[in-house]
Amino acid sequence: MSDHDLITELISGQLSPEERRAALMRVAADPELQSEYETQLTTASLLRDAPAPTMTATERSNLHASLRQQLHLDDAPAPVAPAPSRWSRWQRWWAPITGLAAAAAVVVGAVVILPDSGTDDSLQFAAAEVTSTVQASSSDEADMGGSADSAGSIEEEQTTTAASEELAPTTAAEDGITGTLEAAGAASPQSIPHVPDVDLDQLGLAYARGADEFANELNKSAESADPVESSEVNVCLDASGDAAGDASISIVATATIEGVDVVVLSVTPTTGDPYLVALDVTTCRELASTRP
Amino acid sequence: MTARSAEDRALIRRYLEGDVESFDELMRAHEDRVFGICLRMMRDRDQALDATQDVFLTVFRKADRYEERAAFSTWLYRVSINTCYDHLRRRQRKRTEAIPEHLDPADPSSSDLLNAVELRPDIETALAGISPEFRAAVVLVDLEGMSLDGAADTLDVPVGTVKSRLFRARRQLAQELGNLAPGYEHPREEP
């Protein structure tokens, strides 16, 4: 055994009494080894005497509440479905997206209708309609496993597009988002491209330049083979919800950044330039973005 | 198998079957230790809380992948260390100036820091000066009281690597702390 290992094992307290006695004799016979041993023992003792840190009651409570919410423990009958299929994982990702599209459609509809009616009653009615429609949409999608092709969602997405065109002309970047939404909505979610080792800045630049350039950049760097399998997408409802607080969002790709599986979302805020966000699919945390 | 280990496995099975109460029991059993590891590794209370949350999110989301050949705690603490490495890498990337971590020690005069880490400021500063890999060995063995074998399992490295990291980490800490024993001048290097 080397001198270093001897000292480490002596300090670890894992030697038998005989081994410990022999080790101490060896240390005592060598002043340099003795000095090293004393130095290491003092340092280890300092660390071992440190009190164990604990969370405060508030921190503990917040942690539990946040985990319960993110794991959907209070509303799901079974917190973890054993071996979910790729398809169902993907569908769960799509549920909030289609729900948000539905919400946006109703909000836009209300904005278009209200100026004509212009009474307090109509305001209340419109607000009630927004709430009930969003709840119905979310509930339907939850029951249906977040199916992206429910008739209601398709109708509402169409309403969104039509209403938006009336309100304001779309920019090149918005065209990109609309195009992506249409492609994603029309095709199977499994057609979302996977970009290994994505250069998010490069992709973001292309995104800002418009739909064609973005599509070209995606085609150039995307891998067509089995994108969902390679990205292991998990549920990140809260993360996508944060991004969509005042913005419309859409999944544009799955990808890897430095070996970490991510999902790339396009975000179009109500004010400011659109950008891309990459969320770690395991933790749902933002890993990178092209946010201005 | 220890009683704790057997209980953890039973709780994980119950959780996978949809028993939400088992979540609370698993949290109660392990949250302080996970938080302790994260706090020692991250050296920032808010970031340690974030890391702790990520650890448990990962563990509960991937509970169906837990293989019962290893103790649940070993898996949990491995996820903890890896999550901290991940957060430290991200923190490093986010810094506007590329300052090496060992040149950016915590401010020992900060009372917030004292409250946050509950370590002597000089020890905290010394810990900040060693690499995350060395720090992980010290955190698991010296601060969390794990055995050398347990630390090797958790870090997924040979036990010899743990011994080597521990030895070198303690030596660096002693030098940082001015804690060298009399007669300690030129440490003997081994191949």
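In this structure, the amide hydrogen of B:GLY18, modeled 1.01 Å from its nitrogen in the peptide plane, lies closer than 5 angstrom to those of A:VAL80, counting only residues at least 5 positions away or on a different chain. Projecting label points 7 angstrom from Cα along Cα→Cβ for A:THR56 and A:ASN216 puts them 5.5 nm apart. Of B:GLU176, B:GLU68, A:GLU36, A:GLU18, the sequence from fewest to most neighbouring Cβ atoms within 10 angstrom is A:GLU18, B:GLU68, B:GLU176, A:GLU36. Backbone amide hydrogens, once placed in the peptide plane, bring A:VAL262 within less than 5 Å of A:ALA255, A:THR256, A:ILE257, A:VAL281, excluding anything fewer than 5 places away on its chain.
Given their separation in residues at 0.36 nm each and the Cα-Cα distance between them, A:GLU258 and A:LEU15 gain 83.3 nm when the chain is fully extended. Remark: A:LEU47, A:LEU41 ranked as A:LEU41, A:LEU47, counting other beta-carbon atoms within 10 Å and listing the fewest first.
Read-outs: derived from the displayed coordinates by stated rules, not from any lab. Here the structure is a predicted model, which is why all the values come from computation and not from measurement. All Cβ positions, even for glycine, are placed from backbone atoms using ideal geometry, and neighbour counts span all protein chains on display.
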